[in-house]
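Comments concern the structure below.
The values are calculated or read from the model by the stated rules, or taken from the named source; none is laboratory data. In this text, all values refer to a predicted model and were calculated from it rather than measured experimentally. Cβ atoms come from the backbone with ideal geometry, glycine included; neighbour counts cover every protein chain shown. Side chains are part of the model used for accessible areas, which takes the heavy atoms of the whole protein and leaves out ligands, DNA and RNA. Shrake-Rupley method; radii C 1.70, N 1.55, O 1.52, S 1.80 Å.
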Amino acid sequence: MRPPEVNVHPLPPSAFKGEGMTSQRARDRLAVKLKEEGIRDQRVIDVIRNTPRHHFIDQALHSRAYENTALPIGHGQTISQPWVVARMTEALLEFGTPQKVLEIGTGSGYQAVVLAQVAPQVFTVERIEELLRQARRRFRQLGLTNIRSRHDDGKLGWADEAPFDAIILTAAGDAIPHAILDQLSPTGVLVAPVGSPSSQTLIRMRGDGQGDFIQEELAAVSFVPLLGGIG
């Protein structure tokens, strides 16, 4: 059965405002580019089109908000390029809409906001307190009440709320931490970058319900490193 094309939690119209390089026309151009570069899920394209990415970066970078590129957000972190956000979200949704999603690495909050528009519940963990504080403010401004956030070591996941139907990592390590993989439901989907700083691959792991995983390589990517502890 084809998944519905309506958003679970669409953003309010007030979130769509912008002008010049942050106008709806700029967002529409980005949506077209994502489609040209292989993003197929129309729900994901529509969410990217309607999400005000310029709200997640410094005002000095607003003119670049709807370019298909990663941008700095401070603390040595970045907001991922829209194509990567779209591809990771699409990969999570391909086999059905997950009810509970865990994100490791809140960062600016952009990926969590995209996920919150297509999934009923999003749980997100960030190790850098200042980034999480800013992200929480953005969640409130956008009126999204289905995101729960936590300041903690992302490598530990969120065991109290496990299992999760889907897990997404927005930082790369040499392997998926066992503590995180253990929190995925037996038939869940995990999407994450894996590898060294010089060579990373976006992978998808799907549980077969018997304790094993089917692993696929999706694309070459470049992410900040997955760090432990609290910053």
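For region 85-96, 3J(HN,Hα) computed residue by residue from phi via the Karplus equation (6.51, -1.76, 1.60; θ = phi - 60°) reads 4, 5, 5, 5, 5, 4, 5, 5, 8, 4, 9, x Hz, glycine and proline entered as x.
When the helices in the chain are scored as -39500 (n - 2.57) per DSSP H run of 4 or longer and the sum is shared across all residues, what 222 nm value do you end up with, to the nearest 500 deg cm²/dmol?
Working: 6 runs with 58 residues, N = 231.
Computed ellipticity for the chain at 222 nm equals -7500 deg cm²/dmol.
For the options 204, 29, 136, a Gaussian network treatment of the chain with springs between C-alpha atoms closer than 10 Å singles out 29 as fluctuating the most. Normalised per residue, the accessible area of the chain is 46 Å², obtained with a 1.4 Å probe and no contribution from ligands, DNA or RNA.
Most simply put, the chain has about 50% antiparallel DSSP beta bridges, counting only bridges with both residues inside it. Between residue 161 and residue 148, full extension at 0.36 nm per residue minus the direct alpha carbon distance yields a gain of 3.6 nm. FRET efficiency for the pair residue 97 and residue 198, taken as 1/(1 + (r/R0)^6) with r the Cβ-Cβ distance and R0 = 41 Å, rounds to 0.70. Give me the orientation-averaged projected area of the Cα convex hull of region 173-228, in nm², one decimal. The number I arrive at for region 173-228 is 3.7 nm². Relative to the 2.2 N^0.38 Å rule of thumb, region 71-165 has a C-alpha radius of gyration ratio of 1.01. Restricting attention to region 138-231, close to 75% of DSSP beta bridges with both partner residues there are antiparallel.
The angle between the Cα long axis of helix 24-36 and the main principal axis of the chain comes to about 40°, on a 0 to 90 degree scale. Please say if region 137-177 is rounded, prolate or oblate, where rounded means a/c under 1.5 for a ≥ b ≥ c the square roots of the C-alpha gyration tensor eigenvalues, and otherwise the choice is prolate for a/b larger than b/c and oblate otherwise? In terms of gyration-tensor shape, prolate.
Overall, the anisotropy analysis places region 61-106 in the oblate class: the square-rooted eigenvalues a ≥ b ≥ c of its C-alpha gyration tensor yield a/c not less than 1.5, with a/b not exceeding b/c. Accessible surface of region 89-178, 1.4 Å probe: 45 percent of it comes from carbon and sulfur atoms.
According to the Kirkwood relation over distinct C-alpha pairs, the hydrodynamic radius of region 83-231 is 15.1 Å. Take the Cα of residue 68, go 7 Å toward its beta carbon, and the backbone nitrogen atoms of region 80-111 under 18 Å from that spot belong to 80-91. With Cα atoms defining each centre, region 103-150 and region 155-231 are spaced 18 Å apart in the structure.
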